[in-house]
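S.K.: Following this message is one structure expressed as C-alpha cells.
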Amino acid sequence: MKSLIDILDLTVEELDELIATAEDIIANPAKYAQACHGLKLASLFFEPSTRTRMSFEAAMYELGGNVISVTGAGTSSAAKGESVADTAKTVSCYTDIIAIRHPKEGAAYVTAKNATIPVINAGDGGHCHPTQTLADLLTIWREKGRFDHLTIGVCGDLKFGRTVHSLINAMSRYEGNKFVLISPEELKVPSYVKKDVLQQKGIPYVQTTDLESVMPELDILYMTRVQRERFFNEEDYLRLKDSYILTVDKLKTAKKDLAILHPLPRVNEISVAVDDDPRACYFKQVLNGKYMREALILKLLKEAGKIQ
Ligand code: CP
C-alpha cells in the first residue's frame, strides 16, 4: 500500500505527474467532480491546523468524496490512551484514505505501518510536512516555470520548521540549485538535513544570520514562522520570535521576479504591506495546496485500486 510519509517517497517523475494532474484539475474541475464518489477521507488532526486540514477536506469534497474528521487530540480515544497503531487499524475499517497530523515525529509512519489504506503525512512534529512541499512545488512551478538553477533562501526557524526540511529535500533533487539558509544561531537547519542532504549531495549552501545582505541574489525567499509550540521555554521563543520581519523596505534590493513564499500561518515574519507586492505568492500557495492534495488523493486511491 503506497502512502506519503516523506516527500522522498515520491520520485521526481511522480512529482511531475502530480503537477500535471493539478494543472488539469485547475483547467477542468468538472472532469474530476465525481472522481472519488462513494469514498471517504479520514482527516485526523491531533494538532492545530487551518490550511492543511481544510484543504484536504475541500479537496476530497471537490472530488465528489466525503470526509470523517478528528480535530484535536482531546476529541478521540487518543485522549484515553489509545495508541497510534490501534487508531490506524480502527480508522481503516471506516474510510478509504487517511490524512494525519500529529505532534510526534514518526506518527504518520506508524499509522502507515498499521493501516490497511493509504496514509498521508499532514505534518509529524518537527520532522516533515510533505503535502506543504507539494503546495510549495506547484507554486514554484507556476511562478518560475522550472525547479532547477534557482537560488533558494529559507529564512526563520530552520530547526523546527518541518516544511523547510521537506522543501530542501525536494529541491535538492534538481540540478543547479543553491540554498541560502538564514536563521538565528539557535534555529539553524538540523545536522541531519545539512549533512545527509546538502553535504552528501554536494549541494552548494551558505548559512547566515543576515537576510538583507543576501536578498539581491535570491530567486525564491521562503519565510517561516518561529515555531512556538516546539520550544522548551517561553523566554527563548520571545527572544527569537521577531528575528526576521520582511518589510517593503527590505525588498528594495530584491530581484524583480523574486517569489516570496511562506507556508503560513504568518505571525509577524512578513509585514501585511508586503501582501500587495506582486512577488508575494503565499496566498496563491494556499490555493495550490488544495489542488496538489486533490492530485495526491487521486494518485493514492488509484494505486490502491479504489478508483480507476
Ligand atoms: N501550512 C500549514 O501547515 O498550515 P496549517 O498549520 O494551518 O495547516
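S.K.: Can ILE120 be described as touching a Pro at 6+ places or on another chain (Cβ under 9 Å), among the β-branched types (Val, Ile, Thr), modelled with pLDDT of 95 or more and within 16 Å of the ligand (Cβ to nearest atom)?
M.R.: Yes; evaluated as a whole, the condition is true for this residue.
S.K.: Being part of a loop (DSSP other than H, G, I, E, B) and closer than 18 Å to LEU258 by Cα is the filter here, so list the residues in region 136-180 that pass it.
M.R.: GLY145, ARG146, PHE147, ASP148, HIS149, LEU150, GLY156, GLY176, ASN177
S.K.: Could we say that GLU303 is farther than 28 Å from GLU229 by Cβ and acidic (Asp, Glu) here? Don't jump to the end; show me each part of the working.
M.R.: On the way: farther than 28 Å from GLU229 by Cβ: yes; acidic (Asp, Glu): yes.
Answer is yes for this residue.
S.K.: Same structure, new question: Considering GLY202, GLY176, which residue is at positive phi, more than 16 Å from the ligand (Cβ to nearest atom) and under 23 Å from the mean Cα position of the chain (by Cα)?
M.R.: The conditions single out GLY176.
S.K.: Is it the case that ALA135 is in contact with a Phe, Trp or Tyr (Cβ under 8 Å, 6 or more places away or on another chain), modelled with pLDDT of 95 or more and within 12 Å of the ligand (Cβ to nearest atom)? Reasoning before the result, please.
M.R.: Numbers: in contact with a Phe, Trp or Tyr (Cβ under 8 Å, 6 or more places away or on another chain): no; modelled with pLDDT of 95 or more: yes; within 12 Å of the ligand (Cβ to nearest atom): yes.
So ALA135 does not fit the description; no.
S.K.: Mind counting the residues in region 223-238 that are loosely packed, with under 13 Cβ neighbours inside 10 Å and modelled with pLDDT of 80 or more?
M.R.: Number satisfying all stated conditions: 4.
S.K.: Turning to a different aspect of this structure: I'm trying to understand the selection: among the residues of region 48-81, which are more than 16 Å from the ligand (Cβ to nearest atom), modelled with pLDDT of 95 or more and aliphatic (A, V, I, L, M)?
M.R.: Within region 48-81, LEU63, ILE68 qualify.
S.K.: Residue under question is VAL110, and the condition is that it be in contact (Cβ under 8 Å) with a residue 12 or more places away in the chain and more than 16 Å from the ligand (Cβ to nearest atom); does it hold?
M.R.: Against the criterion (in contact (Cβ under 8 Å) with a residue 12 or more places away in the chain and more than 16 Å from the ligand (Cβ to nearest atom)), VAL110 qualifies.
S.K.: Next question. Could you say which residue among VAL110, VAL70 is surrounded by fewer than 21 Cβ atoms within 10 Å (Cβ to Cβ), out of contact with any Asp or Glu (no Cβ under 8 Å at 6 or more places or on another chain) and in a strand (DSSP E or B)?
M.R.: Sole residue among the options that is surrounded by fewer than 21 Cβ atoms within 10 Å (Cβ to Cβ), out of contact with any Asp or Glu (no Cβ under 8 Å at 6 or more places or on another chain) and in a strand (DSSP E or B): VAL70.
S.K.: Among what's in region 256-273 and is of a type in the set (Val, Ile, Thr) and surrounded by fewer than 21 Cβ atoms within 10 Å (Cβ to Cβ), pick the residue that is nearest to the ligand (Cβ to nearest atom).
M.R.: Our first condition is that a residue be of a type in the set (Val, Ile, Thr); within region 256-273, this holds for 260, 267, 270, 272.
Filter again for surrounded by fewer than 21 Cβ atoms within 10 Å (Cβ to Cβ), leaving 267, 272.
Values: VAL267: 12, VAL272: 18 Å.
In this case the residue turns out to be VAL267.
S.K.: Quick one: how many residues across region 24-47 are out of contact with any strand residue (DSSP E or B) (no Cβ under 8 Å at 6 or more places or on another chain), in contact (Cβ under 8 Å) with a residue 40 or more places away in the chain and either within 13 Å of the ligand (Cβ to nearest atom) or assigned to a helix (DSSP H, G or I) (or both)?
M.R.: Going through region 24-47 one residue at a time, the tally reaches 3.
The values are calculated or read from the model by the stated rules, or taken from the named source; none is laboratory data. Not measured: the values here are computed from a predicted model. As a convention, Cβ positions derive from the backbone with ideal geometry for all residues, glycine included, and neighbour counts pool all protein chains shown.
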